[in-house]
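The values are calculated or read from the model by the stated rules, or taken from the named source; none is laboratory data. Small disclaimer: the values here were computed from a predicted structure and weren't measured. Glycine also receives a Cβ, built like all others from the backbone with ideal geometry; neighbour counts cover every protein chain displayed.
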Amino acid sequence: MPKIICASVECRFNNDKNECTAKTVLLGAGNILTVWEGRKDVWNCQQFELSEESKRLLESFEALAKNLRREKNDS
């Protein structure tokens, strides 16, 4: 399989050298409208999964946001 460079650092298949380590890679095509650059073609990886570290960080941020909302509503 050819070497695939991945910019998604939160994916569990992304190693320290930003290379995809998934056994197979399936990409979906998309087209998005941007504010400044018009339309852009994009590739979406179908194997994307959050790494354990990313999951823990996401849970921490969600708990922090919930606490901040609670404090705002209490005051």
If you go through segment 28-75 one residue at a time, how many are among the acidic types (D, E) and within 18 Å of F13 (Cα to Cα)?
3
Just the residues that are surrounded by 10 or more Cβ atoms within 10 Å (Cβ to Cβ) and either of a type outside the set (K, R) or touching a strand residue (DSSP E or B) at 6+ places or on another chain (Cβ under 9 Å) (or both), please, taken from segment 62-75.
E62, A63, L64, A65, N67, L68
If you go through segment 1-47, how many residues are under 17 Å from the mean Cα position of the chain (by Cα), part of a loop (DSSP other than H, G, I, E, B), loosely packed, with under 10 Cβ neighbours inside 10 Å and small (G, A, S)?
1
Name the residue, out of R39, R12, that is in contact with a helix residue (DSSP H, G or I) (Cβ under 8 Å, 6 or more places away or on another chain) and modelled with pLDDT of 95 or more.
R12
For segment 36-75, give me each residue that is under 28 Å from V25 (Cβ atoms) and acidic (D, E).
E37, D41, E49, E52, E53, E59
